[in-house]
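Notes follow once the structure below has been shown.
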Amino acid sequence: MRKGFLPRLAATGLSSNRQTYLPYFLTCTGTVLMFYNMCALAYHTSVLSEVSLSSLMTIGVWVTAIFAVIFLFYTNSFVIKRRKKEFGIYNILGLEKKHIGITMLFESLYVYVGSMVLGVGLGILFNKLITLLLYRMLRFDPNFQFAISLRAILYCAVLFAGIALLNLLYNLLQVRLSNPIQLLHGSNAGEKEPKAKWITALLGVVTLGAGYWLAITIQDPIEVLMLFFVAVILVIMGTYLLFTAGSVAILKLLRKNKRYYYKPAHFTTISGMIYRMKQNAAGLASICILSTAVLVMISTTVSMFVGSEDVLHTRYPEEIEVTASYPAGTEFDADALLENTMAVAGQEGRKIENLKAYTSTTVSADREGNAFIPAASGSSNNDVYLLVILSAQDFEGFTGKQVSVGPGELYAWGNVFGSAEAADWDSIAVLGHSYPLAGVDGSAPAIGAYSAWMAELCCLVTDSRDAVAAVAATAQEAYGETYNPNPYYSRICFDTDGTTEEKTAFAQALREDQLSKYPRDVDNDPIVTMRSRETTRDSFFSLYGGLFFLGIFLGSLFLMATVLIIYYKQIVEGYDDKERFAIMQKVGMSRQEVKRTVRTQVLLVFFIPLLAAAVHITAAFPMLTKLLKLLGLENIPLFLVCTICTVLVFALIYAIVYSMTAKVYYRIVYRKG
Amino acid sequence: MPLLEVKNLKKVYTTRFGGAQVQALRAVNFSVERGEYVAIMGESGSGKTTLLNIIASLDKPTAGKVLLAGEDVTSIAEKQLSVFRRKKLGFVFQDFNLLDTFCIRDNIFLPLVLSGEDHKKMEEKLIPIAKKLRIEDILDKYPYEVSGGQKQRCAVARALITGPELILADEPTGALDSRASDNLLDMFSRINGEGQTILMVTHSVKAASHASRVLFIRDGEVYTQLYRGERTKEAFYADIASSLTLLSVGGEEHA
Ligand SMILES: Nc1ncnc2c1ncn2[C@@H]1O[C@H](COP(=O)(O)OP(=O)(O)O)[C@@H](O)[C@H]1O
Ligand SMILES: [Mg+2]
C-alpha cells in the first residue's frame, strides 16, 4: 500500500459523503462550542463564583458532557449506517479490514481536529458575547476582563477525543462484525417487522400513569421535592416503553382495520412506520423527552426571572429582619435588642411599621398518637415535626392574636390538630410531659421564617416564658449532646418608610451597630444577624438572572439537539425510502401522492413527540407550581403564561424545522420521471 | 390497429455537466398486436431498458412517438401519467421491486390501493391470480422471507391485478436460477395463452424462445426480427441462437 493513500482515501470519503458528513461535522462543532462555553462559564467567570452560581454551572458542565456523548454517538450511528456500503465495496475491491480501519481512523481524526478548531474558535467569540450578556443580566459592571479559558479548551479536547474514540470503536465494530455482502447491503438490510409487545405496552401505560398520578395528586411541597425525580424517571420510562411497544401495537391495530388501512393516504405511511418503528421509537421517545426538558427548563427559569420581585417579597415578607440564636441562661436580652434597633431607626430618621417581635424555641420530634417523642436519629424525615414553642405574650407579638392559656396548659396550632385523629384529644404529651389543651387551631401555621422547613410545623403556646424554658430544659435532657446549642430564637421584623437609598443606609447603619455591640458565640458565629430586602436585592437578582441564563442556554442546547436529531432521522429515512418511493412511482404513484405521503409521514414523526411533550408538561404543571412555590414563586398565572408562551415559541421553531425537513426529504425521495 | 406502435423513437442522454452525449436509441420502429408475446434482445448497453422505460412513460424520448391503443404516451400530462401507468400497464423488473415494508398481499394490492379501489374487490381480484401463479400460501409473508422465484411471481401478480393492456418485463429472469426461470417463463406463456399482451426484454435465448416474435436491437435500431410461427420452442431456440451469432459477426464487419 502506497504511503499516504489511506489518508487521502479518508479525505475523499468525507468529501464525497458531504451530505451526511457536513451536518455531522456541524453538529460536532456546535457541541464543542456549547461545551467550551459551559466550561468557560463554570471555571473562568469569576462573577459567577461571587454569586455562588458556579456550582450550578458545574452541574451544567456535566449535563452538557453527558448529553454530548449520547448525542454524538447517536448521530454517528446514523452516519456509519449510510457508509457501510462504501466500506463493503472497498473490502470487495481488496482493501483489507485493517486498512479500512486506518481509513476510518483518519476520517475521525479529520472530523475531530476540524470540529475542535472551528468549535473552540467560534466558542471563544461566542463566549465573549454571552459573558457580556451575563454581566448585563447580573447587573455587574460590564468593564470586565475577558480571557480565553485554557482549562475549558483542555476539557473540550479531552471530552471530544473520548467521544471520537468511542465512535471510532463503534464504527470499527460495525465493519468488523459484518462480511462484505452484509456491508454492501448495510443501509437497506431487510429488517424484520417488530412484534407487538402488549405486556411492554401495558407496562408503559402503568409507569406513565404512575408518573402522572404522582405529578398531579401530590399536594405536600416536601413530598413534591422528594418525589419529583421519581416522577421524572417514571415518565421517562413510560415514554420509552410506550413509544417502543405502544406505537407498534397501535399501528398494527390500525392495519387490522382494513377499511382504514387500504386507503392511499394511510397504506404506505402505516406500513412504513411499522417497518421502521424499532429504530424510530427510541428516537421519537428521545425527541419527546428532550422537548419536555427544554419546555420545563425554559418555562420555569423564565417565570422565576420574570417573577423574581415576587419571589423576593415571598422570601423577605418584611423589609428588615433581625434574628438572634442563643443558648439558655445567657445574658442576651431580646428586649434590649428590640430597643437598640428602635434607637438606630430613630437616629436614621426612619419610621418603623408592621413590627413583629417574639422569642421562641424549637424542638424536633416524632409523633405517636397525641404524644410528641424524641426523634430517633436516623429515622426517615417523613414524619418529623418541628415544634415551635413560645409564650402567649410572644405569640401576640408575632401574630397579633391573643390566646388564653392557663398555667401548665398549651394552645396548639398545626395541621395535625385539624385531622380526624386529633378530634378527641384533650391533652398532648411533649417529650414525656402531659399538657391539657387550652385550644387548637387546625390550619397550617404561617410562621414566616420557618415556611421553607422540610418538617411539619406545629406551634405550641404556653402561658409564660418560664414554661417555654421548662420545655427547652426537657429537650436538652432528652437529646443530650445532639441538642441544638442555641435553642432560643428571637426575631424582630418590620418595614420602614423612606426611599430605597434611605432604607439601604438604615440597613447599613443597623448592621454596623450590631457588629459593634454583639459578640460572637463559641463557634465564632454572630449571635445577632440581620437581613434586609434592599441589600439582598442585587445578589438575589444575580442568582435568578444566572438561573435564567442557564435555563436559556441549556434549553437552546437541547433544542439544537432535538432539531438535529429529527433532521438526521428524516434524512436517513429519506435515503432508505428513496428506493421504496422509486418503486411506488414505477407502479403508478403520482407526484401529488408522493408529496402527500411524505407530508403525512414527516408530520407524524414530528408532531407525535411534540404532542406527547405537551401532555407531559400539562401533567407536570401542578408539580412544577409546587416546586416553584418552594423556591418562593407563588404567582401561578405568571408561570402558566410563561409555560404557554414557551410551548408556542417551541412549536413555532419546530414547525419551521418541520417544513425544512419535509422539503429536503421530498427532494431525496422524489425521482424525476 | 396494433396495440402498441413505436415510431422513430430517438433518445439522446446528455450527461449532467454538458459533456459527452450518448445516443441510446437512434430510430426505433416496431409495433405489437393485441395478444402477442414479443421478446426484445440485444447486447448490454444497446438501449433495451431505455426503450422499455420510454414505453412505460417513465422516461421521455428525445424524438418519436409511442402509441398505446392509439393514444400517444409521450404527450400525456404529468398529472395523468401515474393513472395511465396504473391502469394500462403492468411491470415486471429484473430485481423484483417488491417493497420490504409490505407483506406479499399488500405488495400486490399496491396499484389498486393507489387507485382507491374498494378492499373487498381487491380480494376478489387477487384470488384467481394468486391461484394461477401458485402463491396463495405465501400471501402473508414478507418479501425477505420468500425465494427469488416466488418474489418474481408476486411481481407478476402485481402487474396482472390491474388488468393492464400490456405487460412490460425487463429481464424478468435475470436474477433467477434456471428452474425458477423455466417456471416463470411457463407462467408467462400461460398468461399470454389467455390473451395477455407481453413485451419482454431479455438477454437469454431460452427466455426469448418462449415468445411469438423476437426483435433484435443493435446500434439503437431494430436490426432484424424473427417470428416463431408454427415452430416448436426448441427449433425457435436454435434459430434465435444462430441469428445472434450472425448479429455479432455482422457487428464485427461493421467495425
Ligand atoms: N440516465 C442515463 N444517462 C446517461 N446515459 C445513460 C442513462 N441510462 C442509460 N444510458 C446509456 O444509454 C445506453 C443504453 O442503456 P440501457 O438502455 O440501460 O441498455 P441495456 O438495458 O440494453 O443494457 C448505455 O450506453 C448507457 O450507458
Ligand atoms: Mg437493461
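Details
- Distance in nm between pseudo-label sites at residue A:154 and residue A:525 (7 Å out along the Cβ direction from Cα): 3.7
- Structure-based [θ]222 nm, chain A - -39500 (n - 2.57) summed over DSSP H runs of at least 4, per residue, nearest 500: -23500 deg cm²/dmol
- Charging the Cβ of each Asp and Glu at -1 and of each Lys and Arg at +1, and nothing else, the dipole of segment A:318-532 about its Cα centre rounds to 180 debye.
- Computed with every protein chain present, the accessible area of residue A:644 is close to 90 Å² [probe 1.4 Å].
- Among A:651, B:150, A:146 - extreme Cα towards positive end, dipole of the protein assembly as shown, charges at beta-carbon: B:150
- Accessible surface, per residue, of segment A:318-532 when the full set of protein chains is kept, probe 1.4 Å, Å²: 49
- Annotation: per residue accessible area for segment A:622-673 equals 52 Å², rounded to a whole number [probe 1.4 Å, protein chains only].
- Between B and A, accessible area buried - total, square angstrom, nearest 100, 1.4 angstrom probe: 2600
- Each residue of segment B:207-217 was assigned a 3J(HN,Hα) from its phi angle through the Karplus expression (A = 6.51, B = -1.76, C = 1.60, θ = phi - 60°), giving 4, 5, 5, 7, 7, 8, 8, 10, 9, 10, 10 Hz with x at Gly and Pro.
- Gap separating the Cα centres of segment A:297-342 and segment B:17-90, nearest whole Å: 88
- Under the span-like rule (Cα at least 30 Å along the axis, Kyte-Doolittle mean at least -0.5), DSSP H helices of chain B: B:233-254
- Counting only protein heavy atoms and a probe of 1.4 Å, the accessible surface of the protein assembly as shown is 59% carbon and sulfur.
- With the charge dipole of the protein assembly as shown set up from +1 on Lys and Arg Cβ and -1 on Asp and Glu Cβ about the Cα centre, the Cα lying farthest toward the positive end among the listed residues A:121, B:23, A:208 is that of B:23.
- Put a plus charge on the Cβ of each Lys and Arg, a minus charge on the Cβ of each Asp and Glu, and nothing anywhere else: the dipole of chain A about its Cα centre is then about 7840 debye.
- Taking the chain by itself as reference, segment B:100-131 contains these residues with an accessible-area loss of 30 Å² or more in the full protein complex (1.4 Å probe, heavy atoms): B:100, B:101, B:102, B:106, B:110, B:113, B:114, B:119.
- The calculated FRET efficiency for the pair residue A:265 and residue A:176, based on their C-beta separation and a Förster distance of 45 Å, comes to about 0.55.
- Take residue A:81: with every protein chain present and a 1.4 Å probe, its accessible area is about 50 Å².
- Accessible surface of residue B:178, taken over heavy atoms with a 1.4 Å probe and every protein chain present, rounds to 80 Å².
- Residues whose placed amide H lies under 5 Å from that of residue A:635, excluding near-sequence neighbours: none
- Taking θ as phi - 60° and the Karplus parameters 6.51, -1.76 and 1.60, the scalar couplings of segment A:433-439 work out to 9, 9, 10, x, 8, 7, x Hz in sequence order, x denoting glycine and proline.
- Residues losing 50 Å² or more accessible surface upon assembly, segment A:576-622, compared with the chain by itself, 1.4 Å: A:580, A:583, A:586, A:587, A:588
- Dipole of the protein assembly as shown [Lys/Arg +1, Asp/Glu -1 at C-beta], most positive-end residue of B:248, B:115, A:529: B:248
- Per residue, segment B:20-133 exposes an accessible area of 40 Å² to a 1.4 Å probe, with every protein chain left in place.
- Spherically averaged projected area in nm², based on the convex hull that wraps the Cα atoms of the protein assembly as shown: 52.0
- Taking amide hydrogens as placed 1.01 Å from N in the peptide plane, the amide H of residue B:222 sits under 5 Å from those of B:29, each at least 5 positions away in sequence or on another chain.
- Chain A: DSSP helices with Cα axial extent of at least 20 Å and average Kyte-Doolittle hydropathy no lower than 1.6: A:150-177, A:221-241, A:636-669
- Taking the Cα centre of segment A:382-437 as reference, the dipole from Cβ charges on Lys and Arg (+1) and Asp and Glu (-1) amounts to some 140 debye.
- Figure note: B:134, A:591, B:34, B:153 ranked by solvent-accessible area, largest first, 1.4 Å probe, ligands and nucleic acids not counted: B:34, B:134, A:591, B:153.
- Proximal lysines relative to residue B:60, as straight alpha-carbon distance under 20 Å, when same-chain residues fewer than 8 apart are discounted: A:586, A:672, B:7, B:10, B:11, B:48, B:79, B:87, B:88
- With contributions of -39500 (n - 2.57) from each DSSP H run of at least four residues, the per-residue ellipticity at 222 nm computed over chain B stands at -12000 deg cm²/dmol.
- Near residue A:457, the amide H atoms lying under 5 Å from its own belong to A:386; only residues 5 or more places off or on other chains count, and H is placed 1.01 Å from N.
The values are calculated or read from the model by the stated rules, or taken from the named source; none is laboratory data. Only a predicted model underlies this, so the values are computations on that prediction, with no experimental measurement involved. Neighbour counts are summed over all protein chains in view; Cβ atoms, including those assigned to glycine, are modelled from backbone coordinates with ideal geometry. What goes into the accessible areas is simple: the full protein's heavy atoms, side chains included, and nothing from ligands, DNA or RNA. Shrake-Rupley method; radii C 1.70, N 1.55, O 1.52, S 1.80 Å.
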